[in-house]
Amino acid sequence: MTTPRQRFGVDPDVELPVPAAGELWTVGAVILNDGGQAFAQKRSPHRRLFPDSWDIVGGHVEAGETLLEALAREVEEETGRRLRHVRRFLGATTWTGDDSDGLRHEADFLVEVEGDLDRPSLEWSEHSAYGWFGPDDLDRLKENRLPGEFLIHDLIARVVRTGPRP
């Protein structure tokens with residue numbers, strides 16, 4: 001199988017986890033605007049996993065995809081924008097969803113995208129709203145989550161407080 005030419009840049013110091021055979025992986029993209037606010041979208045109330053909760057752009061890695069290929073695909077599917085550059089690996093977490101699919105590993109990245117996200121092309125069947133979150137808006141990211149389920153809040157809080165570079 002031929003790998004398509006990568007159409008985005010990656011900073012040389014970006015670490016990439018290596019998924020083991022049989023593991024279920026997801027990827028997430030934290031996108032900042034010029035004001036340092038992070039983009040998030042609200043999952044529709046009918047979604048099986050984390051309904052009516054705020055989330056970053058991302059999703060499951062499909063069979064045969066690398067983490068970065070999945071990241072680029074998810075950014076385009078969920079925003080209508082192309083991934084331009086992967087700036088930083090934000091870390092990997094392991095979590096179990098409120099569905100029956102079990103343990104997942106998630107690799108999150110700080111990225112830049114092409115185009116204006118003030119008018120994203122959301123998948124409206126999967127998301128009901130979007131917004132930009134800065135230090136004063138972070139508590140909204142806890143909506144419909146129980147204490148201890150603040151993965152998205154904590155990730156975005158860390159990025160907006162440190163900015164594009166750690």
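The values are calculated or read from the model by the stated rules, or taken from the named source; none is laboratory data. Remember, it's a predicted structure, so these values are computed and weren't measured experimentally. We place every Cβ from the backbone using ideal geometry, glycine too, and count neighbours over all the protein chains shown. Ligands, DNA and RNA are stripped out before the accessible areas are found, and what is left, the full protein with its side chains, is counted by its heavy atoms. Shrake-Rupley method; radii C 1.70, N 1.55, O 1.52, S 1.80 Å.
Using the Cα atoms of segment 12-103 to build a convex hull, what is its mean projected area in square nanometres?
7.0 nm²
May I ask you to evaluate 6.51 cos²θ - 1.76 cosθ + 1.60, the Karplus curve with θ = phi - 60°, for each residue of segment 71-85 and list the ³J(HN,Hα) values in order in whole Hz, giving x for glycine and proline?
4, 4, 4, 5, 4, 5, 5, 8, 10, x, 10, 9, 5, 9, 7
Please list, in order along segment 132-148, the HN-Hα scalar couplings obtained from phi with the Karplus expression 6.51 cos²θ - 1.76 cosθ + 1.60 (θ = phi - 60°), rounded to whole Hz, x for Gly and Pro.
10, 10, x, x, 7, 10, 4, 4, 4, 5, 8, 4, 6, 10, 8, x, x
Given the convex hull of the Cα atoms of the chain, what is a quarter of its surface area in nm²?
Approximately 9.9 nm², given one-decimal rounding.
Send over the Kirkwood Rh of segment 73-166, from the inverse of the averaged 1/r over different Cα pairs, rounded to one decimal Å.
15.1 Å
Quick one: among LEU49, LEU90, LEU110, which has the greatest mean-square fluctuation in a GNM of the chain with alpha-carbon springs under 10 angstrom?
LEU49
Just add up the charged neighbours of THR94: K/R +1, D/E -1, any other residue whose Cβ is under 10 Å from the Cβ of THR94.
Neighbour charge sum, excluding THR94 itself: -1.
Could you compute the FRET efficiency for GLU77 and ARG158, with r as their C-beta to C-beta distance and R0 at 25 Å, rounded to 0.05?
0.50
So, with a 1.4 angstrom probe, what is the percent of accessible area on segment 70-143 that is carbon and sulfur?
43 percent
Pull out a ≥ b ≥ c, the square roots of the eigenvalues of the alpha-carbon gyration tensor of segment 36-76, then state rounded if a/c is under 1.5, prolate if not and a/b is larger than b/c, and oblate in the remaining case.
In terms of gyration-tensor shape, oblate.
Mind checking the dipole of the chain: about its Cα centre, +1 per Lys or Arg Cβ, -1 per Asp or Glu Cβ, Debye to the nearest 20?
Roughly 260 debye, rounded to the nearest 20.
Roughly speaking, what is the centre-to-centre gap between segment 89-166 and segment 40-60 when only Cα atoms are used, to the nearest Å?
Using only Cα atoms to place each centre, the spacing works out to 9 Å.
What distance in nm separates the simple spin-label points at THR96 and ARG84, each placed 7 Å from Cα in the Cβ direction?
Output for this residue pair reads 4.1 nm.
How much length is gained if the chain between THR66 and SER125 is pulled fully straight, taking 0.36 nm per residue apart and subtracting their Cα-Cα distance, in nm to one decimal?
18.6 nm
Hey, can you find the accessible area per residue of the chain for me, probe 1.4 Å, expressed in square angstrom?
Accessible area per residue, the chain: 53 Å².
Taking amide H atoms as placed 1.01 Å from N in the peptide plane, list the residues 5 or more away in sequence, or in a different chain, whose amide H sits under 5 Å from that of GLY9.
HIS85, VAL86
Within segment 106-125, which residues have the backbone N less than 17 Å from the label spot 7 Å out from ARG140 along Cα→beta-carbon, could you tell me?
117-120, 122, by backbone N distance to the label point.
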